[in-house]
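Notes to accompany the following structure.
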Amino acid sequence: MNLTLYYFPGCPFCGRVLAFMEEHTLEVPKKNIHENDAVRSELIEIGQKSQVPCLVIDGKALYESNDIINWMEANLLK
Ligand SMILES: N[C@@H](CCC(=O)N[C@@H](CS)C(=O)NCC(=O)O)C(=O)O
């Protein structure tokens, strides 16, 4: 399964997801959309909007911090 979490530092909703990942020692590749315009454009291309956090699961965008945490709970926790 290919996962990427789009986020930016200081985003409180991203912080909720990152805190959940830290609590459960989950490693998911991350991309900071404020790092450069290409990353933000990449997110818009995949999900049609620049909102973060966004978890891209095998090329499909999942927005909303609650939905991302619920997905991680169901799919990444043993
Ligand atoms: N309800 C969303 C709120 C996400 C949200 O508002 N993210 C802000 C950053 S803190 C954002 O990406 N705003 C810019 C945009 O929507 O394009 C969640 O829980 O994930």
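Read-outs throughout are calculated quantities, based only on the coordinates presented, and are distinct from any laboratory measurement. All of these numbers come straight from a predicted model, not from anything done at the bench. Because the Cβ atoms are built from the backbone with ideal geometry, glycine has one as well, and the counts that use them run over all protein chains shown.
In table form, for the structure just shown:
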item	result
Over the chain: Rg over Rh, Cα atoms, Kirkwood Rh	0.93
Residue-span extension gain [residue 41 to residue 25] - 0.36 nm each, minus C-alpha spacing	2.9 nm
29 Å Cα-Cα reach of residue 49 towards lysines, excluding residues that sit fewer than 8 places from it in its own chain	30, 31, 60
On Cα atoms only, tilt of 65-75 relative to the major axis of the chain in degrees	50
Amide H contacts under 5 Å for residue 62, placed H, 5+ residues apart	55, 56, 57
Helix axis angle, 12-23 relative to the chain longest principal axis, alpha carbon, degrees	40
Bridge type composition, the chain - antiparallel percent by DSSP, nearest 5	75
Unpartnered cysteines - no second Cys beta carbon under 4.7 Å - across the chain	54
Acute angle (nearest 10 degrees) that the helix 37-47 long axis makes with the longest principal axis of the chain, alpha-carbon atoms	70
